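Report on the following structure.
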Amino acid sequence: MTKRIMIVEDEALVAMMIEDLLGDLGCQVAGSFGAVGEALTWLGGDQADPDGAVLDVNIGGEMVFPVADALRRRGVPFVFATGYGDLPRRGFEDIGVLSKPINIGQLSLALQKFGEAA
């Protein structure tokens, strides 16, 4: 079964790169969002939950943690992506972090863990 992955990334070129990597790994993009509010609105809709998500930590100066909280409540596995190193918030120590620029090996390992979480 093809995994449907949600992306929250405010830089269009980075989002397109992640979409391409996901495609190379046999995944489908469930939705790609450049703002926290857009992602939360989509999650509140009536479509099926994604199988996982890749979340940039800083979305245009806004932290992505409300989206992470919503995904966690739904039981959807996710991973953070950041160019900053450590996460600026406690409570997500158990969540994987992909360093930017994301490479396909890192992403593949994260996707495998999504399968284990399901």
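Just checking, does region 60-79 include any residue being free of Cβ contacts under 8 Å to residues at least 12 places away in the same chain, more than 10 Å from the chain's Cα centre (by Cα) and closer than 12 Å to Val8 by Cβ? No, every residue in region 60-79 fails to be free of Cβ contacts under 8 Å to residues at least 12 places away in the same chain, more than 10 Å from the chain's Cα centre (by Cα) and closer than 12 Å to Val8 by Cβ. Of the residues examined, Ala39 is one that is surrounded by 15 or more Cβ atoms within 10 Å (Cβ to Cβ), in contact with a helix residue (DSSP H, G or I) (Cβ under 8 Å, 6 or more places away or on another chain) and not aromatic (Phe, Trp, Tyr).
Could you list all residues from region 82-101 that are out of contact with any Phe, Trp or Tyr (no Cβ under 8 Å at 6 or more places or on another chain) and either at pLDDT 95 or above or basic (Lys, Arg) (or both)? Of everything in region 82-101, those that are out of contact with any Phe, Trp or Tyr (no Cβ under 8 Å at 6 or more places or on another chain) and either at pLDDT 95 or above or basic (Lys, Arg) (or both) turn out to be Arg90, Lys100.
Taking first residues from region 38-55 that are touching a residue at least 40 places away in the same chain (Cβ under 8 Å) and outside any strand (DSSP E or B) and partners that are open to solvent by 50 Å² or more (accessible area, probe 1.4 Å) and not aliphatic (A, V, I, L, M), the Cβ contacts under 7 Å between residues at least 6 apart in sequence or on separate chains come to Pro50/Arg4; Asp51/Lys3; Asp51/Arg4. Scanning region 26-36 for residues that are closer than 22 Å to Ile95 by Cα and either open to solvent by less than 60 Å² (accessible area, probe 1.4 Å) or part of a helix (DSSP H, G or I) (or both) yields Cys27, Val29, Ala30, Gly31, Ser32, Phe33, Gly34, Ala35, Val36.
For region 61-92, the set of residues classified as open to solvent by 70 Å² or more (accessible area, probe 1.4 Å) and part of a loop (DSSP other than H, G, I, E, B) consists of Tyr84, Asp86, Pro88, Arg89, Arg90, listed by residue number.
Filtering region 93-107 to residues that are surrounded by 16 or more Cβ atoms within 10 Å (Cβ to Cβ) and assigned to a helix (DSSP H, G or I) leaves Gln106, Leu107. Note on region 10-25: among residues that are charged (D, E, K, R) and either in contact (Cβ under 8 Å) with a residue 60 or more places away in the chain or under 22 Å from Gly37 (Cβ atoms) (or both), the one that is surrounded by the fewest Cβ atoms within 10 Å (Cβ to Cβ) is Asp24.
The values are calculated or read from the model by the stated rules, or taken from the named source; none is laboratory data. Note that the coordinates shown come from a computational prediction; the quantities given were computed from them, not determined experimentally. All Cβ positions, even for glycine, are placed from backbone atoms using ideal geometry, and neighbour counts span all protein chains on display. Note: areas computed on protein heavy atoms with side chains; ligands, DNA, RNA excluded. Shrake-Rupley method; radii C 1.70, N 1.55, O 1.52, S 1.80 Å.
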